[in-house]
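Take a look at the structure below.
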Amino acid sequence: MFARVTRRALLMLLAAMCAPLFARGARADVSYELAPSAGVGATDNAGNRPKPTTIDHDGDGFTDVTGIGRLHIRDASAEHVAGLRLSWMHYLQGRGIDSLASELSWLSTITPVAPLELKLGAAGSYGQTSGYVPVGAVDMLTPQAAVSGAHRYLGATANETATWDRTAQNRYVQTFMAQFLHYLPTGTGGSSNVETFNLHVRAEWVMGRNTFGGEGDANELGGTNRDPFFTVSALAFWRRDLTLEWSSELRAGVALLSPPGVPGMGTDRTVNVAPVGFAQIGYRDSTDIAWFATLEAAQTTTTNLYLGAITLNDNAMARLTLPLTRNERAVVSGYGGLVYGRIPTGGRAYDQRIAGALFALRGQDWPLWLTLDYSFSDQHGNGQVDAVTGAITGFPDLRRQVILLSVGGTFIFGPGTPPIFPGSL
């Protein structure tokens, strides 16, 4: 399906991203960003083991050191950002497997003509499924089932987004994304690949306080020893600004899911029809954009690259971000929710409770910050997933809590950037 044209599409995407670097024109502005951080934390499941094999003393403390570097290139019609992220996580008592994670990324935002904006991105990564990256209320968008164990992997992503603002009230958006995950060989198993392709289209019209529109998705998931999993969905949506602060959004539609059969269970490929939808009510302070709260419920299809499956998920989520000071230097945020996901073949399903909280404090004069992050996940499944061999016989029972205290800074250099330390010592 999408896989037949993926190689050519990725080469065209890479050429389009590199072309601006060699084009002649006005001199571009270049700036540099460095964001180092260090933290100490603790978890009650250092090995990221499923419940049946979790030992009584599986808790451990850990240290985390992360460095992020970005190169920004701007000219009259484009902006390019190259980024590198390195992270080292070390368990103090050796009850978990130390992990090194890295990611190299590129994002280009190009405006060839005034109504049209193109975003072209690519990234490559190396990581481990037991690693930990703090997720705030804003970033926790699509809850997913977790994979157990500490499997090392290589990942690659390429994406393209075209946005056409036909008028001030009419917008069209098209997005394509290709993702690839390669689990590295272990002492007990070989390597495996997972790949996904997604095409998304969206159209919207603004009429006063109302925004109407429709969107469609097509997904394919495949890989080593995996028959492809296909989904197609179409939805209509309505978003309304109730007041300056309150807003609501409704989406409703239908999805077609075609999962592969399950070997050994006598099930063949089927086509399943399911309703999908989304309802949300939100609040955002009209004078303080950092203060917002949302409550939502949804039934959606979710692509899980790490488990190699597409699930139909029912979820309810609440999110809150609240500044504690007038200058927004201190902010607290949190989220919580319930998820029930299933594959409509072979009775494979899971339910999950998730929660998290984040306290952030930024310096007034110095570009330094401190964060205290907590996350909780309690997942109940009906079997075990072997992420390396690709055999999905169910979802693992997996429970994990993590708390992490970090300090760091963000330093920007280049023409037109503010002084790094504008205040006095």
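Quick notes
- The set of residues in the range 215-251 being part of a strand (DSSP E or B), over 23 Å from the mean Cα position of the chain (by Cα) and free of Cβ contacts under 8 Å to residues at least 60 places away in the same chain consists of D227, A236, W238, R239, R240, D241, W246, S247, S248.
- From the options G253, G213, G208, residue that is modelled with pLDDT of 90 or more and either under 16 Å from T300 (Cα atoms) or of a type in the set (S, T, N, Q) (or both): G253
- Residue that is closer than 21 Å to A146 by Cα, open to solvent by 30 Å² or more (accessible area, probe 1.4 Å) and touching a Gly at 6+ places or on another chain (Cβ under 6 Å), where the choices are A318, A252, A234, A297: A318
- Condition met for Y172 (out of contact with any helix residue (DSSP H, G or I) (no Cβ under 7 Å at 6 or more places or on another chain), hydroxyl-bearing (S, T, Y), modelled with pLDDT of 75 or more and open to solvent by 50 Å² or more (accessible area, probe 1.4 Å)): yes
- The range 94-124 - residue that is open to solvent by less than 70 Å² (accessible area, probe 1.4 Å) and among the β-branched types (V, I, T) and, of those, nearest to the chain's Cα centre (by Cα): T109
- Residues of the range 78-93 satisfying the condition of being open to solvent by 60 Å² or more (accessible area, probe 1.4 Å) and over 16 Å from S125 (Cβ atoms): E79, H90, L92, Q93
- Just one of (1) open to solvent by 50 Å² or more (accessible area, probe 1.4 Å); (2) more than 30 Å from H151 (Cβ to Cβ) fails for V331. It is (1).
- Against the list (1) closer than 30 Å to S148 by Cβ; (2) surrounded by fewer than 17 Cβ atoms within 10 Å (Cβ to Cβ); (3) modelled with pLDDT of 55 or more, the condition T66 fails is (2).
- Residues located in the range 347-370, provided they are surrounded by fewer than 20 Cβ atoms within 10 Å (Cβ to Cβ) and over 25 Å from D285 (Cβ atoms): G347, A349, D351, R353, D365, W366, P367, L368
For (1) exposed (fewer than 14 other Cβ atoms within 10 Å of the Cβ); (2) modelled with pLDDT under 95; (3) in contact with a Leu (Cβ under 8 Å, 6 or more places away or on another chain); (4) among the hydroxyl-bearing types (S, T, Y), each residue gets a yes or a no:
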residue: M1; (1), (2), (3), (4): yes, yes, no, no
residue: T6; (1), (2), (3), (4): no, yes, no, yes
residue: A28; (1), (2), (3), (4): no, yes, no, no
residue: Y32; (1), (2), (3), (4): yes, yes, yes, yes
residue: P50; (1), (2), (3), (4): no, yes, yes, no
residue: T54; (1), (2), (3), (4): no, yes, no, yes
residue: D60; (1), (2), (3), (4): no, yes, yes, no
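- Set T224, T211: member being under 24 Å from T111 (Cβ atoms), open to solvent by less than 50 Å² (accessible area, probe 1.4 Å) and of a type in the set (V, I, T): T211
- Looking across the range 371-425 at every residue that is of a type in the set (V, I, T) and at pLDDT 80 or above, the one that is least open to solvent (accessible area, probe 1.4 Å) is identified as V402.
- In the range 114-132, the residues that are touching a Ser or Thr at 6+ places or on another chain (Cβ under 9 Å), of a type outside the set (K, R) and under 19 Å from A76 (Cα atoms): P115, L116, E117, L118, L120
- Members of the range 149-168 found to be hydrophobic (A, V, I, L, M, F, W, C), more than 17 Å from the chain's Cα centre (by Cα) and either surrounded by 17 or more Cβ atoms within 10 Å (Cβ to Cβ) or not in a strand (DSSP E or B) (or both), listed by number: A150, A168
- Screening A101 with (1) modelled with pLDDT under 90; (2) aliphatic (A, V, I, L, M); (3) assigned to a strand (DSSP E or B) gives one miss only, at (1).
- Any chance V113 is at pLDDT 95 or above and on the phi < 0 side of the Ramachandran plot: no
The values are calculated or read from the model by the stated rules, or taken from the named source; none is laboratory data. These numbers were taken from a predicted model, which means no experiment stands behind them. A quick note on method: Cβ atoms are made from the backbone with ideal geometry, for glycine too, and the neighbour counts reach across all protein chains shown. The accessibility values were calculated without ligands, DNA or RNA, using every heavy atom of the protein model including side chains. Shrake-Rupley method; radii C 1.70, N 1.55, O 1.52, S 1.80 Å.
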